[in-house]
Amino acid sequence: MLDVINFKDYRSILCLNGDLPAPSFFHNKRLPVIAADGAANVLCNQGIFPDLITGDLDSIQPALLENHSFLHLPDQGSTDYQKAMDYLKTNDLLPAIVVGINGGYLDHILNNINIFMETNCLLYSPPIKGFVVKEKLKVNFTLPFQTKISLIGIPEVVLSSDGLKWELKRSSLSFPGKNSCFNRTQKSEISLEVHQGAALVLIYEEVMEDAGVSSLSGPTNPSNLFVKKYL
């Protein structure tokens, strides 16, 4: 059963040049920290000093390279994210917790997610944790009641669920297209089975008090069900 709450069994933290967690996150994990190029600027400003800086190094403050280990990879045929992933694979530092996927330019964010879909890593963008469930896999995990969860087919997935407010039964999801965003857990144990394709699973690490939660105690509006299940 996956432990999606406690960050267990990961071997490193990969920092991309986006929005990063608070310094306490890095102190608590005690894992090797790898910075993809410009992410090192933010880390060092927060008092977090990466074990390695890698990429084409066109975004980093030059002074940081004087006091930190770095691996310069100027090849423009791959992104700094991909270069860092290659390093992690070569040095047996996968799976990793990937932070900084979002923030910054939209095209960078979309490309980061595209790369993430090919990995077995954990995405962390507080308060969201994300992972990929690939074809022919069934995963079970535990979450608190009323946890918000989104399921997105990238590029498409046929998926079944058990334990959600708006269940999916061999439902076809795709991006762009229909997806199950802002669903809610209704059981302590959740099951997801991917029959075809791949799903990006995004889980909020705290119960989100919003209209969706409040409406669960009131009358059900069929039109709201459609929006919540296939937003």
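Here, each number is a calculation from the coordinates, and none is a lab measurement. Since we're looking at a predicted model, the values are computed, not measured. No Cβ is skipped: glycine too gets one built from the backbone with ideal geometry, and neighbour counts run over all protein chains shown.
A simple spin-label model places pseudo-atoms 7 Å from Cα toward Cβ; at Asn111 and Glu206 they are separated by 3.3 nm.
Cβ crowding within 10 Å, taken as a proxy for footprinting-reagent exposure, orders Glu167, Glu66 from fewest neighbours to most as Glu66, Glu167. Using a cutoff of 8 angstrom between alpha carbon atoms and counting only pairs six or more residues apart, the relative contact order for the chain works out to 18 percent. The Glu66 and Ser188 beta-carbon pair, evaluated with R₀ = 35 Å, returns a calculated FRET efficiency of approximately 0.10.
The trypsin sites (Lys or Arg not before Pro) found in the stretch 26-122 that occupy coil by DSSP, while having at most 15 further C-beta atoms within 10 Å, are Arg30.
Count Lys and Arg as plus one, Asp and Glu as minus one, and take only other residues whose Cβ is under 10 Å from that of Ala35; the net charge is then -3.
Modelled this way, with points 7 Å down the Cα-to-C-beta line, the labels at Leu94 and Phe49 are 3.0 nm from one another.
Dipole magnitude for the chain: about 1020 debye, using +1 per Lys or Arg Cβ and -1 per Asp or Glu Cβ, origin at the Cα centre.
Near Asn112, once Lys and Arg are set to +1 and Asp and Glu to -1 for all other residues with Cβ below 14 Å from its Cβ, the sum equals -4.
Beta bridges per DSSP, both residues in the stretch 33-169: antiparallel share near 25 percent. Give the Debye-formula value of log10 I(q)/I(0) at each listed q (0.09, 0.17, 0.23 Å⁻¹), with one equal scatterer per alpha carbon of the stretch 12-126, two decimals each. Debye curve over Cα of the stretch 12-126, log10 I(q)/I(0) at q = 0.09, 0.17, 0.23 Å⁻¹: -0.19, -0.75, -1.50. Antiparallel versus total DSSP beta bridges in the chain: what percent is that, nearest 5? Beta bridges within the chain, antiparallel portion: roughly 65 percent.
Residue-wise HN-Hα couplings along the stretch 169-182, as the Karplus relation 6.51 cos²θ - 1.76 cosθ + 1.60 with θ = phi - 60° gives them from phi, are 10, 6, 7, 8, 10, 7, 10, x, x, 8, 9, 9, 9, 6 Hz; Gly and Pro carry x.
Applying both filters, DSSP loop and at most 12 other Cβ atoms within 10 Å, to the trypsin sites (Lys or Arg not before Pro) of the stretch 120-152 gives Lys136. Any idea what angle helix 80-90 forms with the longest principal axis of the chain, computed on alpha-carbon atoms, 0 to 90 degrees, nearest 10? Rounded to the nearest ten degrees, it is 90. Here Lys134 is the anchor, and the aspartates and glutamates within straight C-alpha reach of less than 16 Å, apart from those fewer than 8 places off in the same chain, are Glu118, Glu156, Glu193. In terms of packing, defined here as the mean over residues of other Cβ atoms within 10 angstrom, the peptides 32-44, 69-81 line up highest first as 32-44, 69-81. Here the label points at Ser78 and Arg30, each 7 Å from Cα along the C-beta direction, are separated by 3.2 nm in the simple model.
Taking the number of Cβ atoms within 10 Å of each Cβ as an exposure proxy, the fewest-first ranking of Arg184, Arg11 is Arg11, Arg184. Taking mean projected area of the Cα convex hull in nm² straight from the coordinates, which label in (i) 13.8; (ii) 13.1; (iii) 11.7 is the correct one? So the calculated entry is the one marked (ii). Listed by chain and number, the lysines whose alpha-carbon sits under 16 Å from that of Lys148, ignoring those within fewer than 8 places in the same chain, are Lys129, Lys165, Lys187, Lys228, Lys229. Once the Cα atoms are used to define both axes, helix 106-116 deviates from the longest principal axis of the chain by about 80 degrees. With the convex hull of its Cα atoms as the shape, the stretch 1-56 has an orientation-averaged projected area of 4.2 nm².
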